[in-house]
Amino acid sequence: MKKTNVRWTVVALIFFATTVNYIDRQVIGLLKPYIQEDLGWTEADYGYIVTAFQVAYGIGMLLGGRMLDRLGSKLGYSIAIIVWSLGAMFHAAVKSVTGFGAARAVLGLGEAGNFPAAVKVIAEWFPKRDRAFATGVFNSGTTIGAIIAPIIVTAITLEWGWRWAFIITGLLGFVWVIAWWLIYKAPHKNKKVNAAELAYIQEEEKQEETETDAPTAEITWRELFRHRQTYAILFSRFVTDWVWWFFLFWTPDFLNKTQGVDLKATVLPLIIIYTMSSIGGIYGGHVSSQFIRFGRSIDFARKTTILLFALLVLPLNAIPYIDNMWIVVLIIGLATSTHQAWASNIFTIVSDVYPKQVVGSMTGISSVGGAVGGALASSFVGLILEWTGSYATIFMIASTMYILAWLILKIFVPIRQINF
């Protein structure tokens, strides 16, 4: 069989790592009203704290991607999760804006390793025609984490206080590391992978080596930046990733300030929003893979899927003028769904265009664009809210970003493997 239990066990492990990743990063957004009241933060203070995470996340992407390519998925992934789990728990020990910024920076450095590691593992275990769907499945962990986080964080905070929410969620990563080391082995080292499956996994790789005569020498960052695809993918992440960060870190506050929703009442709207985004992530990968199975090119499949979903984010423009909370929730849900569909395909495009030995590095480099955009946008959002008290400008800008990203990919990224 082409889809075996071994391969999907690996996807399940990555899915759970991604779930923990998003539980840990969302805690501060959920607790913002509580911590802001307790410690006296301004809107700009919160923006700067989020920016600290984004800057560290970008640095971690650069370092983490290369580390993963050199150390391998098993060890590299473990190091990343240990670092971010310690960073998550560190939040409980600090009181100042500077202390929270430092805690967010440690969290960001570690969390940056999740997606380069996950994309690298998928590239090692799946041929191209199956990668978008597998990526959509593991990437749905981002939304499952965002769904579970309000439930866990609310229960812990109301019972023991907000500091314990950081400690208990931070411990989840250490549980995952134990499971990872007990279960995971690379395909060629895993005794449960039979010869037929291994041949299926490696079929396209051998074909590409024959067609392109791909070198086995290490590919440097300088060589990656000689190709326009690198700049285009990086820039497309720059203009879109911040939108997801905005939803993650500001949606609870937005619902609180505009709809009067407190921490308890936030749980159901957030569950709806992130359930929709989870469906979008999986379906975005499925649509792309189905186009390929119907005989369309990889280039057509990835770009058409991105365009179709990008259209669903345009209604964000209307949110500031809608009084019904549930309509607002559905529109935000459509937008988060778009982002997850986009993410499933852009991660897969990296493995479509670049050889496996640099997938981790290139995922890291492209994610720097997202992290820089997120860092700038976090401070921008905080300042705009402090100056105007309105989300209207932010939603207007966010609604156009995925169409812009599609245009960048359409013009500058032919989706075929680069011959280095």
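The values are calculated or read from the model by the stated rules, or taken from the named source; none is laboratory data. Please read these numbers as outputs of a predicted model, since none were measured by experiment. Ideal geometry is used to build each Cβ from the backbone, glycine not excepted, and the neighbour counts take in all protein chains shown. In case anyone asks, the SASA skips ligands and DNA or RNA and just uses the protein heavy atoms, side chains included. Shrake-Rupley method; radii C 1.70, N 1.55, O 1.52, S 1.80 Å.
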- Find how many whole Å separate the alpha carbon centroid of region 120-155 from the alpha carbon centroid of region 382-404. 27 Å
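Please give the length that would be gained between LYS191 and ALA155 if that part of the chain were fully extended, namely 0.36 nm times their separation in residues minus their C-alpha to C-alpha distance (nm, one decimal).
Numbers: separation 36, 0.36 × 36 = 12.96 nm, distance 4.23 nm.
Full-extension gain reported as 8.7 nm.
Show me the chymotrypsin sites (Phe, Trp or Tyr not before Pro) within region 275-354 that DSSP assigns to loop and that have at most 13 other Cβ atoms within 10 Å of their Cβ.
Taking region 275-354 and a limit of 13 other Cβ atoms within 10 Å, the loop chymotrypsin sites (Phe, Trp or Tyr not before Pro) found are PHE294.
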- Item | Longest to shortest principal axis, alpha-carbon extents of region 350-403, angstrom | 47, 21, 7
- Task: Using the Karplus curve 6.51 cos²θ - 1.76 cosθ + 1.60 with θ = phi - 60°, work out ³J(HN,Hα) for each residue of region 42-50 in order, rounded to whole Hz, and write x for Gly and Pro.
- Result: 8, 4, 5, 4, 5, x, 5, 5, 5
- Message: Quick check: Cα centre of region 44-95 to Cα centre of region 218-245, how many Å?
- Response: 20 Å
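Leaving out ligands, DNA and RNA, and with a 1.4 Å probe, what % of the accessible surface on the chain is carbon or sulfur? Don't skip to the answer; put the middle values down first.
Details: 10750 of 16250 Å².
Carbon plus sulfur share of accessible area: 66 percent.
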- Task: Using the Karplus curve 6.51 cos²θ - 1.76 cosθ + 1.60 with θ = phi - 60°, work out ³J(HN,Hα) for each residue of region 131-147 in order, rounded to whole Hz, and write x for Gly and Pro.
- Result: 5, 4, 5, 4, 5, x, 5, 5, 5, 5, x, 4, 7, 5, x, 5, 6
- Candidate lysines - alpha carbon under 28 Å from LYS95, same-chain residues fewer than 8 apart omitted: LYS32, LYS257, LYS264
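With every protein chain present, what is the per residue accessible area of the chain (1.4 Å probe, Å²)?
So the chain comes to 39 Å² accessible per residue, rounded to a whole number.
If r is the Cβ-Cβ distance from ASP38 to LEU311 and R0 is 35 Å, what FRET efficiency results, to the nearest 0.05? Show your work: numbers first, answer last.
Working: r = 42 Å, r/R0 = 1.20.
In this case the efficiency is close to 0.25.
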- Item | Karplus 3J(HN,Hα) series, Hz, for region 371-376 with 6.51 cos²θ - 1.76 cosθ + 1.60 (x for Gly, Pro) | 5, 5, x, x, 5, 5
- Once the in-chain neighbours fewer than 8 apart are removed, the lysines whose Cα is under 29 Å from LYS120 read LYS2, LYS3, LYS74, LYS128, LYS185, LYS189, LYS191, LYS192, LYS206, LYS303, LYS356, LYS410
